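Peer 1: One structure, as structure tokens, below. Some questions next.
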Amino acid sequence: MQKRQATKPVRARRAFFKFLLYMKLSVVLLIGSLQVYASVFSQEKISLNLKDVEIKKALVAIQQVSDYRFIYNDDILPAGARVNIKVHDAAIQDVLDIVFKSIPLRYQIMDNNLIVVSPKTGPPEGLDIKGVVHLRNKDESLSVAAGVAIKELGTSNGTTTNEKGEFTLTVKDGAAVLQVSYVGYKPMDVPLNGGVSLDITLELDVRQLQDVVVTALGITRQKKSLTYATQTLKGTELSDTREVNLTSAMNGKVAGLTISKTNSGPGSSNRIIFRGNRSITGGNQPLIVVDGVRIDNTPKAFADVTLFGTRDNGDGISNINPDDVESMTVLTGASAAALYGSDAANGAIIITTRKGRAGKGLGIEIGSSAVLESPMVFPKLQNIYGQGDGGVFVASSIDSWGPKMQGQQVTDWTGKSQALTPQPDNSRDFFRTGKELVNSASISTSTDRSQTYFSFTNTYSNGIIPNNDYKRNNLNLRHNVQLDKKLSLDLKANYIVEDVINRPMTGAANYAVATIFSMPRSLRLDDIRNFETQNPDGSLTQNYWSSPKPAFQNPYWSAYRNLYDRTRNRFIGLVSLKYQITPYLSIQGRSSIDYYTDNSEEKDYNDSYWVSFQGLGNYIINKESNRQFNNDVLLNFNKALTDDWNLNVNAGASIEQFNYEGTLMNDQGLNAPNLFSLANALAPISTNFVQRTEKQSVYAAAQLGYRNYLFLDVTGRNDWNSTLPVNNNSYFFPSFGLSGVLNEMLTLPAAISLLKVRGSYAMVGNGTGFNQLRPSYTLAPGGNGGFLNIDRVLHDANLKPEETRSLELGLDLGLFKNRLGVEATFYNTHTKNQILSIGVPNPSGYAFRIINAGDIRNRGLELLVHARPVDSRDFKWNISVNFGLNRNKILYLDSLQKMPPLSSPETLGMIVAEEGKAYGGIYTSSLVRNAKGQVVVDSATGLPLVETDVTKHYAGNYNPDWTGGIVNTFQYKSWTFSFQIDMRKGGVLVSGTQSLLAANGSSQLTLPNRETGFVVPNSVTQSGAVNTKNVSAQDYWMAVAGANPVGELFTYDATNIRLREASLSYSVPARWLDGKFLKGASLTLVGRNLFFFKNNAYGFDPESAIGTGNNQGLEYTSVPATRNYGLYLKLNF
Amino acid sequence: MRSIIYIACMLIMITSCTKKFDELNTDPTTFGSLTAATIPNAFAKAEYQGIYGDPGIYELARALFPDLWSQFFANVDPNIKSDRYVIIQDWIISQWSSVYTVTWPTLKQVLEATATTQPEANAIAKIWKAYIWHYHTDFYGPVPYFQAGTGALSIPYDNQQDIYDDLFKTLDSAVTVLKGANASLTPYGTNDLIFHGSIPLWIKLANTLHLRLAMRISKVDPDRAKTEAEKAVAAGVMTGNADNAFMDVGPNSVNGLNQMSPWEGARMSASMESYLKGYSDPRMTEYYSPAADGQYHGVRNGLTPAQLSASDKNSPDNTSNVGPRYSLDSQTTNKLTVMYAA
């Protein structure tokens, strides 16, 4: 493919403009020089036997037996000259020396297998010059490379640099101009002006680098040949934000991406959704591939996350070190992922990590950053009424329904007499300033034949909740070596140790946050800090202001006496061997493993209220191992069939095996208090879990290119999936794509530098989870000899594979030399035969059943706009805008059930999949209203009647209408300033926090008519009479909020606009460092999640989620979202 | 070096076998159907679940509704709205789902598995079937009964008359089998958490339950009630404490009421206080504990949050919690009550 890029346009032009050959040669050199790496090792041996043939025929014969192409003007070939060639396994130079021995022509072998033939007009009076070419890298450091093309303008005379970047050349005279070019860098014309020793520096051409895209199976392709939408982010765009979780840095930068966070401290999971939700009860997250290795990104949290919340044990991608990332390609659609198979039905994130660059010698990079974190949003709390109920101070109350705080003396829960005064910061002060310290060092070395990259990164972070810490060490070794001319080896070893200490629970189970938000407004944090009393028998008694409650306890007790430590050891390894059989045929074998263990330990001290074995404490150990083992072979054929046609075929086969084993040991209470050992168990239970799946696949992809402007893609893949019934476990899915680069096909106005249309259609099949086809009966401790638990799920032994069909159409437009670029994509996706687990009427004997059903449609638009309004040498201004809009509709669900719940029904909100509506609808409990919309109250109490049937009130849908982001980057000399604004429009969220705070009187919502009480506005009694009964504020709010809230009243619009990111960075100019030990240095001030321009949610971040499952749109006492700001220093040696 | 690639290819060829997929996709830690050896474990589960022994279910299905509405307890936690006759759907559903998705399908499979091979075990399971359904239908009235647990997704409700009629018949057939059985047999052994397989005791429980069912229809069908009651008594009902039916508890199947005793705010109701004090009932000290002042104090059912907070007398400390036998410490020893002779 690379070669075609060079030869096709040139040879095509030669046919029409033969006489312009010499002028065009500069183009050849320029383009040809982009091909350096491809051809370095493609030199081949030639065997020929020609007797007395014309020179021209000899050249044609050489072309036929080799991969070399000659460039010459017929006019210069000496008429009548003939030659004899008889060689066996000879090098090309030897063959050419024979041909050119006796004629007045010279040849020059370019790095792209082009051989330029020119008259022997050797420069008798020529000028010998020499020089060195430096390349300025992204980080402003300078490096050198072999193969930089140097050409004398207007001639065919030229050369390339050696490994040290040096070159020598004989030019006509001192007035000559040199054209210097190198792949990925802006070409440059250098006038000699009489000089004979030159020092040239090429600037990086960022635009050009982005034009190559890593696609499925690690196949690198020109962006213009792709038939579907992709988006590439550079590693620095991700790592410069200093986010601990790589995916957090993607937020707002990718069109059509929706991220929600679990907010459970450092290392928490993100839910990543491209182009809307496709699967109703399965996963909707994309496949993650790192250097061709699919890594396990299974969220380690329970799937059905209720308001109670879950322990978010992190996801897979958050282990990847952002500093190691060279680039990230986002394939948002199904067609992009047709080759990856089922797991990529939701798109794919393809990460390429850094490796040593050929010809750059030794490089060392050291980075260090410190980021501080503080709560960005906080619930709106009142500071007028203190602890108590019914307007009376009650020392043991959990509510703030007490009297006005006026400094009156009261005997409070500590037994002391203290003034009843507002404690406005008692909630806020519980949180500490979080810290993220990241220190990294990397070394890369390279020779012609091998490149090595090694990095070490240490990440240390303190969450904003006391005693919540995060540590991660990443070791990454990458070694690429050319074993011989045809065989290359790529080795990678990645070792990650992650230790998360006391990761907070999400949802109501986060007792610390639930208590700290809702506690009485008059409590002093200093009193609460004294959280325990030691008893003579060694046990502890928690100091709490009320009687034990299963939902609340002293927040410091939660932080220091309910401990949870989870350690992950992860090894990711890759061995890849590639054999270049001929220049156009190669075979690659790859073996990769992603193995990790998670060990967790939970210690709950005695007197923890919510532990079932109350008063006894508990100890739980959980050990899990996960292994993703993949092997594949890939055959690549890439050849120009004729001058115009090029064919690129990839065919391969793979086996993917996943294995999970888990053991859980639960003491269920401790005999001796606070001795955390399995031997001290009160009623131990241990359970083990197994999951194992395997997928075998064969696949092929062909791309036919015509004149490098029209491309046809065809792919096909067949999977055999162990999770499906034997009769249905094989499924085939094809894809087709077409793209045309119109500006190369037609004559368009000069302003249009790129106009490409593309379209593709793809099918992707999918299996299901492990062991879904038959019932699972399990034994559990209980009774006198154990209990047998039957399966509450009705299984279908004849499940069919899921099927997603996706059509996408796109347009790429570049104007004014690509200073303005637009990429627009429309897509329409149907997912059918979905494998769903839906709730069923219980009298059937089952709680759920697994079915093939559904037709979910997602259609939408993705838009990317890039502009460079100012692009001068000293000042550059870049704007990047992205926009994503998705419209979802469930066209068909099931013959029996039109609205199965996706979550356990809860009065606050139930998430449903409803036929005829968009996925992710939220139904809540509501106030009973009459036909006029008036609130109906109970005539006896004056309190609103509550409709607790959650199927009656539709509150909205949790998905945004659209998302967008704008990134502005200003670069002035060595200074760079950039900021990013995100917007999310639409979607609703139901806030459990707000209802909790309203019920216990700590929310500002509860202030109106506190002391007088009120008649429920616009209300009537059951009989229709006007309601005149006064209710107290406490009775009202406790009736509509609290443990069983009226979700309708706590539903908020999730629309928000925020300053996601701002950074200012200074790079020490390269010229100051030239030739010194230090090659580059930069300092960046970075801020993330700085503030909201607009936030319709009431005192919380609408991106908050209870878990990463499909159960979104509910919020409950999550850890506040944080604002981050810090400093990042990077040094290159 | 070519050989490495060949080996890689070979590796893929060799392992390219989908024949083992079925085995691979089977969880070795579970089994796919009820095995003969685990029938007693299934029966034990049906027993424990059948009286809502599990603390979570006990709380939602009993403590927060029937226990309050029958006024054994009142609740002093202002957030417990069910004491004010508010139906909380996501709590009350536990009664329904527990019977239909756990207790009944488990017991039904035991009934099917023992139908032909173990008549005595089958008969005991039938008695338990009558026990769980009489509670369930008395809770809701007409419920899906005859076709429940068949896997059909649309199941009709059955009227209570038909359900009661079937329960009588079920008890009759069970007692007939057990009376003809060798009384030394102990079906399910100790996995029968109630009588450890004692056939004579199960017969008495069946007849006593028969009598209870008869009494419950005495207002709607006096004639049938009379017939059934006389039949039950003639067949031999529980007569003394030795006949009482209690269910074993243990470390992993505790007494739910014990476990929840420190939770929420369930306290003696004013109604219970009136009865027990009014009749100087000696059970007071067994059922309830003294409040902080050493006296027994109840609280009225159905108080609003403001009413609850209006007086310190309604606080958890100043009202009577459950008695000492229901303390947390006794959760693994205080047996669950199935039926008393009294």
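Peer 1: Filter segment A:789-804 down to the residues that are over 30 Å from B:T190 (Cα atoms) and free of Cβ contacts under 8 Å to residues at least 60 places away in the same chain, then identify the one that is nearest to the other protein chains (Cβ to nearest Cβ).
Peer 2: Out of the qualifying residues, it is A:L794.
Peer 1: Here is a follow-up. Scanning segment B:116-172 for residues that are assigned to a loop (DSSP other than H, G, I, E, B) and polar (S, T, N, Q), which turns out farthest from the other protein chains (Cβ to nearest Cβ)? First the steps, then the outcome.
Peer 2: Of segment B:116-172, the ones assigned to a loop (DSSP other than H, G, I, E, B) are B:116-118, B:141-142, B:144-157, B:159.
Now drop any that are not polar (S, T, N, Q), which leaves B:116-118, B:147, B:150, B:154, B:159.
On the way: B:T116: 20, B:T117: 17, B:Q118: 16, B:Q147: 8, B:T150: 7, B:S154: 7, B:N159: 15 Å.
Result: B:T116.
Peer 1: Take A:T768 and decide whether it is within 14 Å of chain B (Cβ to nearest Cβ) and of a type in the set (S, T, Y).
Peer 2: yes
Peer 1: Let me ask you something else. Does segment B:45-52 contain at least one residue that is among the aliphatic types (A, V, I, L, M) and out of contact with any Phe, Trp or Tyr (no Cβ under 9 Å at 6 or more places or on another chain)?
Peer 2: Of all residues in segment B:45-52, those among the aliphatic types (A, V, I, L, M) come to B:46, B:51.
Pick out the ones that are also out of contact with any Phe, Trp or Tyr (no Cβ under 9 Å at 6 or more places or on another chain) and you get none.
Scanning segment B:45-52 turns up no residue that is among the aliphatic types (A, V, I, L, M) and out of contact with any Phe, Trp or Tyr (no Cβ under 9 Å at 6 or more places or on another chain).
Peer 1: Of the residues B:V86, B:V99, which is without any contact (Cβ under 8 Å) to a residue 12 or more places away in the chain and either in a loop (DSSP other than H, G, I, E, B) or buried (at least 23 other Cβ atoms within 10 Å of the Cβ) (or both)?
Peer 2: On the way: B:V99 fails: without any contact (Cβ under 8 Å) to a residue 12 or more places away in the chain.
Matching residue, one of B:V86, B:V99: B:V86.
Peer 1: Pull up segment B:37-73, narrow it to residues that are at pLDDT below 90 and small (G, A, S), then point me to the one that is farthest from B:I87 (Cα to Cα).
Peer 2: Filtering first and then ranking leaves B:G53.
Peer 1: Another one. On the basis of being surrounded by 20 or more Cβ atoms within 10 Å (Cβ to Cβ) and not basic (K, R), does B:E112 make the cut? Give the derivation first.
Peer 2: Numbers: surrounded by 20 or more Cβ atoms within 10 Å (Cβ to Cβ): no; not basic (K, R): yes.
Here the answer is no, as B:E112 does not meet what is asked.
Peer 1: Can you tell me which residues in segment A:772-788 are under 25 Å from B:E23 (Cβ atoms), facing another protein chain (nearest Cβ under 7 Å) and outside any strand (DSSP E or B)?
Peer 2: A:L773, A:R774, A:P775, A:S776, listed by residue number.
Peer 1: Next up: So which residues in segment A:691-750 are of a type in the set (F, W, Y) and under 16 Å from A:D343 (Cβ atoms), if there are any at all? First the steps, then the outcome.
Peer 2: Pass one, segment A:691-750, residues of a type in the set (F, W, Y): A:699, A:706, A:709, A:711, A:720, A:731-733, A:736.
A:Y699, A:W720, A:Y731, A:F733, listed by residue number.
Peer 1: If you don't mind, another one. Do we find that A:R849 is at pLDDT 85 or above, of a type outside the set (F, W, Y), surrounded by 19 or more Cβ atoms within 10 Å (Cβ to Cβ) and in a strand (DSSP E or B) in this structure? Let's see the steps before the verdict.
Peer 2: On the way: at pLDDT 85 or above: yes; of a type outside the set (F, W, Y): yes; surrounded by 19 or more Cβ atoms within 10 Å (Cβ to Cβ): yes; in a strand (DSSP E or B): yes.
Yes, satisfied.
Peer 1: Further, regarding this structure: Taking the criterion of being within 14 Å of chain A (Cβ to nearest Cβ), surrounded by 15 or more Cβ atoms within 10 Å (Cβ to Cβ), within 29 Å of B:S198 (Cβ to Cβ) and out of contact with any helix residue (DSSP H, G or I) (no Cβ under 7 Å at 6 or more places or on another chain), would at least one residue in segment B:310-326 satisfy it?
Peer 2: no
Peer 1: Do you know which of the residues in segment B:178-197 that are surrounded by fewer than 17 Cβ atoms within 10 Å (Cβ to Cβ) and part of a helix (DSSP H, G or I) is farthest from the other protein chains (Cβ to nearest Cβ)?
Peer 2: Filtering first and then ranking leaves B:K179.
Peer 1: Could you list all residues from segment A:156-171 that are surrounded by fewer than 18 Cβ atoms within 10 Å (Cβ to Cβ) and either at pLDDT 80 or above or hydroxyl-bearing (S, T, Y) (or both)? Working first, answer last.
Peer 2: Initially, segment A:156-171 is screened for residues surrounded by fewer than 18 Cβ atoms within 10 Å (Cβ to Cβ), giving A:159, A:162-164, A:166, A:168, A:170.
Once the filter is applied, which keeps residues that are surrounded by fewer than 18 Cβ atoms within 10 Å (Cβ to Cβ) and either at pLDDT 80 or above or hydroxyl-bearing (S, T, Y) (or both), segment A:156-171 yields A:T159, A:E166, A:T168, A:T170.
Peer 1: Given A:T687, A:T693, which one is among the hydroxyl-bearing types (S, T, Y), over 22 Å from A:R805 (Cβ atoms), surrounded by fewer than 18 Cβ atoms within 10 Å (Cβ to Cβ) and within 14 Å of chain B (Cβ to nearest Cβ)?
Peer 2: Working: A:T693 fails: surrounded by fewer than 18 Cβ atoms within 10 Å (Cβ to Cβ).
That would be A:T687, the only listed residue that is among the hydroxyl-bearing types (S, T, Y), over 22 Å from A:R805 (Cβ atoms), surrounded by fewer than 18 Cβ atoms within 10 Å (Cβ to Cβ) and within 14 Å of chain B (Cβ to nearest Cβ).
Peer 1: Can you confirm whether A:N638 is surrounded by fewer than 22 Cβ atoms within 10 Å (Cβ to Cβ) and within 14 Å of chain B (Cβ to nearest Cβ)? Working first, answer last.
Peer 2: Numbers: surrounded by fewer than 22 Cβ atoms within 10 Å (Cβ to Cβ): yes; within 14 Å of chain B (Cβ to nearest Cβ): no.
So A:N638 fails the test.
Peer 1: Filter the strands (runs of 3 or more DSSP E) completely within segment A:419-492 down to those with at least 2 residues that are of a type in the set (V, I, T) and in contact with a strand residue (DSSP E or B) (Cβ under 7 Å, 6 or more places away or on another chain). Before the answer, list the steps.
Peer 2: On the way: elements: A:434-446, A:450-462, A:469-482.
In segment A:419-492, the matching strands (runs of 3 or more DSSP E) lie at A:434-446, A:450-462.
Peer 1: Among (1) modelled with pLDDT of 75 or more; (2) out of contact with any Leu (no Cβ under 8 Å at 6 or more places or on another chain); (3) not basic (K, R), there is one condition A:G131 misses while meeting the rest; what is its number?
Peer 2: It fails just one condition, (2).
Peer 1: Same structure, new question: Looking at (1) farther than 30 Å from A:D324 by Cβ; (2) touching a helix residue (DSSP H, G or I) at 6+ places or on another chain (Cβ under 7 Å), find the lone condition where A:T533 falls short.
Peer 2: (2)
Peer 1: So, one more: B:E273 passes all but one of (1) touching a Gly at 6+ places or on another chain (Cβ under 8 Å); (2) over 30 Å from A:S608 (Cβ atoms); (3) buried (at least 20 other Cβ atoms within 10 Å of the Cβ); (4) within 14 Å of chain A (Cβ to nearest Cβ); which number fails?
Peer 2: Going through the list (1) touching a Gly at 6+ places or on another chain (Cβ under 8 Å); (2) over 30 Å from A:S608 (Cβ atoms); (3) buried (at least 20 other Cβ atoms within 10 Å of the Cβ); (4) within 14 Å of chain A (Cβ to nearest Cβ), B:E273 breaks only (4).
Peer 1: Here's something else I'd like to know. Restricting to segment A:798-843, what's the tally of residues that are part of a strand (DSSP E or B) and over 29 Å from B:A148 (Cα atoms)? Steps first, answer last, please.
Peer 2: Narrowing segment A:798-843 to residues part of a strand (DSSP E or B): A:802-815, A:820-839.
After this cut, where a residue has to be over 29 Å from B:A148 (Cα atoms) as well, the list is A:802-815, A:820-832.
Number satisfying all stated conditions: 27.
Peer 1: Let me ask something else about it. If I go through segment A:380-397 residue by residue, how many of them are of a type outside the set (S, T, N, Q), more than 9 Å from chain B (Cβ to nearest Cβ), closer than 21 Å to A:D526 by Cα and outside any strand (DSSP E or B)?
Peer 2: 4
Peer 1: Restricting to segment B:60-70, what's the tally of residues that are more than 13 Å from every other protein chain (Cβ to nearest Cβ), part of a loop (DSSP other than H, G, I, E, B) and surrounded by 19 or more Cβ atoms within 10 Å (Cβ to Cβ)?
Peer 2: 1
The values are calculated or read from the model by the stated rules, or taken from the named source; none is laboratory data. Everything numeric here is computed off the predicted structure, so don't read it as measured data. A quick note on method: Cβ atoms are made from the backbone with ideal geometry, for glycine too, and the neighbour counts reach across all protein chains shown.
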